[in-house]
Amino acid sequence: MSKYLRQLTTDNSDLMPQANAWMVRAGNENELPDRLEELKIVAIGWTAMGDLSGLQTRAEFKERYRDVYPDHSKHRRAVNAGQLYRFVREVQEGDYVLTYIKASRELLIGRISGDYAYRPGMLDEDYDHTRPVDWERRISRDAFSTAARNSMGSSLTVFSLTDYIEEIKRLSRGEPAAVITEEDGADEAPPLYDEVKAQADERIADLIHGLDPFDFQDLVAGVLRAMGFEAVSTPPGPDRGVDIVAHPDAFGFEQPLIKAQVKHRQSTSGGPEMRSFIGTLRSDEKGIFVSTGGFTRDAKLEAEHAHQTVALFDRDGFIQLMLQHYENLESEFKAQIPLQQVWVPAV
């Protein structure tokens, strides 16, 4: 009988659910790994979301997140609600879980041993969403392949590492990872610089999105001043098509005189708005049109065919201009868009 049962188990092994592997960050500042190991859990934040055990679908998580964080951008809501859904509903008992220990450059590897639980105050750090874990061992980050290490660099709190599950299984058993040459892994992950830059661009875009139209208009004027122009933003109210006036000198005697129109919204700026703005420009004046929602084809054609020079900046174009002159921005605008320069390996 025991032989038959062993054979039956072997024959049906392919029918068992495939375990997945997940990275779960140990706090915003990597402050939790020792406590997580001691308590045999993983935990994530967003404590204001409350108990999530009653939510089932991704849509329900998005709706709760929108209600709790109404000021967050649509992109940020989608990303964070997705991570919460993943932690509560997609992570399953038996899945592998890793968390990084920054101080020792090690990764804790364990197996999820139970369901999601909401435990307010368990860590005294506002990390109330938990899953129980049987931690198995600590592994040096250097033991992983280059491709796996690159994937671990994501800034998300909860993300999949299932592509590297065989490597994780071997390391969790104390076996060496398969030898992967640099050539083998070269195309498996994007260059670190490209990934970090893409993530940073999205975060900066979120900050820009969170500004109200008048604050954004003042930021545009601040960037022009950082470039060396004297720039004045018109106060709220009818602006007759001009939001900012800028010129090279304090008295406004020198050329060129620059007029700017600023539209901070999700919808595109069209041909009629562009024609109206161009109509405010005299023959010796230059124009700048900033539209975070972008421009229609008609608007671009109007700008190209205008007798006066008109420079167009969509959201990404304005962000690049701001970054070029960020060091010279006034402190109030740096407080609105707080950025810090870091050095990232280019290869």
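When ASP134, ASP115, ASP95 are checked against the criterion of being over 15 Å from TRP46 (Cβ atoms), among the charged types (D, E, K, R) and surrounded by 18 or more Cβ atoms within 10 Å (Cβ to Cβ), ASP95 stands alone in meeting it. Applying the criterion of being surrounded by fewer than 17 Cβ atoms within 10 Å (Cβ to Cβ) and small (Gly, Ala, Ser) to the residues of the stretch 1-44, the residue that is modelled with the lowest pLDDT is SER13. From the set of residues in the stretch 282-318 that are among the β-branched types (Val, Ile, Thr) and surrounded by 18 or more Cβ atoms within 10 Å (Cβ to Cβ), which is nearest to the chain's Cα centre (by Cα)? Per the criteria, the residue is THR292. Can you pull out every residue in the stretch 91-112 that is touching a residue at least 40 places away in the same chain (Cβ under 8 Å) and either assigned to a helix (DSSP H, G or I) or of a type in the set (S, T, N, Q) (or both)? Across the stretch 91-112, the qualifying residues are GLN92, THR99. Out of the stretch 164-188, which residues are of a type outside the set (D, E, K, R), under 13 Å from SER151 (Cβ atoms) and at pLDDT 90 or above? Across the stretch 164-188, the qualifying residues are TYR164, ILE165, ILE168. Would you be able to say whether some residue in the stretch 246-264 is of a type in the set (A, V, I, L, M), more than 17 Å from ASP314 (Cα to Cα) and loosely packed, with under 15 Cβ neighbours inside 10 Å? The answer is yes, given that some residue of the stretch 246-264 is of a type in the set (A, V, I, L, M), more than 17 Å from ASP314 (Cα to Cα) and loosely packed, with under 15 Cβ neighbours inside 10 Å.
The residue list GLY293, GLY317 contains one member that is within 29 Å of ARG203 (Cα to Cα), among the small types (Gly, Ala, Ser), assigned by TED's automatic domain parsing to the domain that holds LEU224 and assigned to a loop (DSSP other than H, G, I, E, B), which is GLY293.
Of everything in the stretch 265-281 that is surrounded by fewer than 17 Cβ atoms within 10 Å (Cβ to Cβ) and among the small types (Gly, Ala, Ser), the residue that is nearest to the chain's Cα centre (by Cα) is SER267. If the condition is being surrounded by fewer than 19 Cβ atoms within 10 Å (Cβ to Cβ), of a type in the set (Val, Ile, Thr) and in a helix (DSSP H, G or I), then the stretch 45-90 contributes THR47, VAL68, VAL79.
Might you let me know whether the stretch 246-260 holds any residue that is within 18 Å of GLN320 (Cα to Cα) and either at pLDDT 80 or above or in a strand (DSSP E or B) (or both)? Yes, that holds for at least one residue.
The values are calculated or read from the model by the stated rules, or taken from the named source; none is laboratory data. Everything numeric in this text was worked out from a predicted model, so none of it was measured. No Cβ is skipped: glycine too gets one built from the backbone with ideal geometry, and neighbour counts run over all protein chains shown.
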